[in-house]
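Comments concern the structure below.
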Amino acid sequence: MAHWRARALLAGRYGTLKTMKTIKVLGQVDDNHRLVAQVPTSIAPGPVEVDVRLPEDDDDADRAWAQGVAREWESELNDPHEDIYTLADGEPVNEAG
């Protein structure tokens with residue numbers, strides 16, 4: 001639906017339906033909050049439409065992943081039948097050695 005709406009807006013704005021070419025460009029936001037990016041020389045000077053995608057905060061992504069795993073595995077982690085090992089199992093690891 002949104003794609004069709006965007007096409008209709010473009011058709012209304014430009015009088016005819018135009019196809020837009022999309023390229024991916026990496027840029028940098030400077031201290032003055034300006035976007036700096038190098039585009040290929042094949043891009044003609046003039047206005048362009050820019051979509052900015054911000055990288056996810058690693059801490060937030062890690063936290064969301066851990067919460068998702070805990071939520072999905074909650075019943076298994078709380079099931080005493082899943083506790084098949086005890087502290088008496090296995091052998092100590094000598095890290096010095």
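Structure data summary
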{"read-out": "From phi via Karplus (6.51, -1.76, 1.60), per-residue ³J(HN,Hα) for the range 69-77 in Hz, x at Gly/Pro", "value": "5, 4, 5, 5, 9, 3, 5, 5, 5"}
{"read-out": "Most positive-pole-ward Cα, 52, 64, 88, against dipole of the range 35-97 from beta carbon charges", "value": "52"}
{"read-out": "Computed label-point distance, nm, for sites residue 36 and residue 66 using a 7 Å Cα→Cβ extension", "value": "3.6"}
{"read-out": "Label-point separation in nm, residue 75 to residue 51, each point 7 Å along Cα→Cβ", "value": "3.8"}
{"read-out": "Linear extension gain, residue 22 paired with residue 86, 0.36 nm per residue minus alpha-carbon span", "value": "17.3 nm"}
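Where a number appears in this text, it was derived from the coordinates with a stated rule and is not lab data. Computed from a predicted model, the values in this text were never measured in an experiment. We place every Cβ from the backbone using ideal geometry, glycine too, and count neighbours over all the protein chains shown.
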